[in-house]
Amino acid sequence: MPEGQGMRATLQRRMLLLGMIPRRPRRLSAPDLKERLAYRGIEVSLRTVERDVENLSSFLPLVCDDRERPYGWYWSDEAPLQDVPAMDPETALTLQILHAHSAQLLPPSARARLKPQVARAREVLDSAGEASGLSLWPERVRILSNGPPLNPPEMPDGVFAVLQQGLLERRCLDITYRSRSKGQVKDHRIHPLGLVFREPVIYFLATMEPHQDVVHLAAHRIEAAALTDQPARDPEGGFDLDQIIRDGAFDYPEGDAIPLEMRVNGDLAYHLHEARLAEDQLIERGPDGTSRVTATVRDTARLKWWLLGLGAGVEVVGPPSLRDAIAQELESARLAYRTKDPA
């Protein structure tokens, strides 16, 4: 092989090796690396791979774990991220935003693996300078909740990480749960199924042995959790998180779909023009400045909370059962406000 071709082949092989070697605590042996090179179409001897990684470790923070054979190679914890080709500012921005909002969405092991990338992303954005819109983006964009900023309920230390691990590894959990409805604290073995973040509460979806129905456990009421070696199973009828959400499980359903009819003021009518209640929503403006709104919606507790929160800006016309329920709540509130402060 001509000298130039040999140098290019060595460079290509060593660049691939650098991308294959993991960070601690994972490790790969020379036979593992040889096998991965072969998968990429590069057939070399085991001794060649050993010489390559030994040579690279002479000037890069690669460490050989020689406690047992075959020896394993890994990047040291302090090793800076080697991004080739270089990370672009758009990718860096994406990683920064993911990091800012991933404290609960990602399992601890995944967040730990992202630390070098996140640190490198911060360097890339800082190097872009304060004049760059990308570097300023994380400081200029916020997500606000629809309502007062409620602090999430406190959870016992370490419990949420165990819940995440059980879901990630598909292993059963033994938990101690405090039931709100029954006022009891009981032990259960559960099969993890999913997580739902309904601000400010986190719900852990699971089945409880020996039952098959999916329960929604408020994570802050799980007082203790421990991993087991038993593999977790989905219910016999399957599990579809999106379908559960579409069915209104987290809107506190109280009935089926209903034909909502209401009279609203001009501000609310304008808002509903932009953010529709349903696909079949219709808005008819009246001569007095109010508008008649009709839409087919699910009968849920959250619908009632929303209507009550609009106060005098809305009058529910139908269906009669919903109108009566809202009227009774408003009458109870009126009576409560007419009484003097008991203090």
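The values are calculated or read from the model by the stated rules, or taken from the named source; none is laboratory data. Please read all numbers here as calculations on a predicted model, not as lab measurements. For neighbour counting, all protein chains shown are included, and Cβ atoms are generated from backbone atoms with ideal geometry for every residue, glycine included. Quick note on the areas: whole protein, heavy atoms, side chains included, nothing else; ligands and nucleic acids left out. Shrake-Rupley method; radii C 1.70, N 1.55, O 1.52, S 1.80 Å.
Summary table
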read-out: Of residues in segment 114-131 being modelled with pLDDT under 75 and either surrounded by 14 or more Cβ atoms within 10 Å (Cβ to Cβ) or touching a strand residue (DSSP E or B) at 6+ places or on another chain (Cβ under 6 Å) (or both), the one farthest from Leu163 (Cα to Cα); value: Ala128
read-out: Matching residues in segment 303-343 - criterion: being surrounded by 15 or more Cβ atoms within 10 Å (Cβ to Cβ), in contact with a Lys or Arg (Cβ under 8 Å, 6 or more places away or on another chain) and not aliphatic (A, V, I, L, M); value: Glu315
read-out: Some residue of segment 240-252 being loosely packed, with under 14 Cβ neighbours inside 10 Å, part of a loop (DSSP other than H, G, I, E, B) and either on the phi < 0 side of the Ramachandran plot or basic (Lys, Arg) (or both); value: yes
read-out: Hey, Thr300 open to solvent by less than 40 Å² (accessible area, probe 1.4 Å) and modelled with pLDDT of 85 or more or not; value: no
read-out: Search result, residues across segment 34-56 that are under 15 Å from Gly19 (Cα atoms) and in contact with a helix residue (DSSP H, G or I) (Cβ under 8 Å, 6 or more places away or on another chain); value: Lys34, Arg36, Leu37, Arg40, Ile42, Val49, Asp52, Val53, Leu56
read-out: Residues (among the hydrophobic types (A, V, I, L, M, F, W, C) and out of contact with any helix residue (DSSP H, G or I) (no Cβ under 8 Å at 6 or more places or on another chain)) located in segment 200-219; value: Ala206, Met208, Val215, Leu217, Ala218
read-out: Any chance Ala278 is of a type in the set (A, V, I, L, M), open to solvent by less than 60 Å² (accessible area, probe 1.4 Å) and assigned to a loop (DSSP other than H, G, I, E, B); value: yes
